[in-house]
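Notes follow the structure.
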Amino acid sequence: DWKKIEGEIKDEHQQKGFDGRFGAGLPRVSDGSLLFLMHLISKMRDKKNVDNKVIDGGRIGIILNGSPLFTGGAGSGESEIRRYIL
């Protein structure tokens with residue numbers, strides 16, 4: 001759960017949007033796994049082409065239980081986050 005930092009997270013989401021870590025949406029406060037996944041995605045490097053050489057982007061790995069895959073109805077924060085990731 002991310003109740004202790006809820007105000008900071010919501011402020012970043014509203015003020016920075018996709019320029020911040022949580023532009024895709026916010027999951028329920030009781031489940032921080034998708035929030036953590038979006039934080040990891042924000043730390044990935046972009047794939048770049050420098051001097052005709054391709055520099056690979058970043059990679060992340062994470063193991064989650066099944067709840068981030070199925071919680072939240074259509075149009076909810078969880079659903080929008082899954083759509084953004086895919």
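No lab work stands behind these numbers, since they all come straight from the coordinates. The model shown is predicted, which means the values in this text are computed figures rather than measured ones. Cβ: placed from backbone, ideal geometry, glycine included. Neighbour counts: every protein chain shown.
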>> Can you match Rg and Dmax of the Cα atoms in Å to one of these, (i) 12.2, 39; (ii) 14.5, 47; (iii) 11.9, 35, based on a calculation from the structure here?
In response: (ii)
> With each run of n ≥ 4 DSSP H residues scored as -39500 (n - 2.57), what mean residue ellipticity at 222 nm is computed for the chain after dividing by its residue count and rounding to the nearest 500 deg cm²/dmol?
Replying inline: -11000 deg cm²/dmol
> Which of the lysines could a cross-linker bridge to LYS10, judged by Cα under 20 Å and excluding same-chain residues fewer than eight apart?
Replying inline: LYS43
>> Between segment 43-82 and segment 1-39, how far is it from one alpha carbon centroid to the other, in angstrom?
In response: 15 Å
> Which residue, LEU40, LEU64, LEU26, tops the fluctuation ranking in a GNM of the chain built on C-alpha contacts under 10 Å?
Replying inline: LEU64
> What does the charge count near ILE55 come to, summing +1 for each Lys or Arg and -1 for each Asp or Glu among other residues with Cβ under 11 Å from its Cβ?
Replying inline: +1
> Over the chain, what is the mean sequence separation of C-alpha contacts under 8 Å (at least six apart), divided by residue count, expressed as relative contact order in percent?
Replying inline: 27 percent
>> Could you list PHE70, PHE18, PHE36 so that the one with the fewest beta carbons within 10 Å of its beta carbon is first and the one with the most is last?
In response: PHE70, PHE18, PHE36
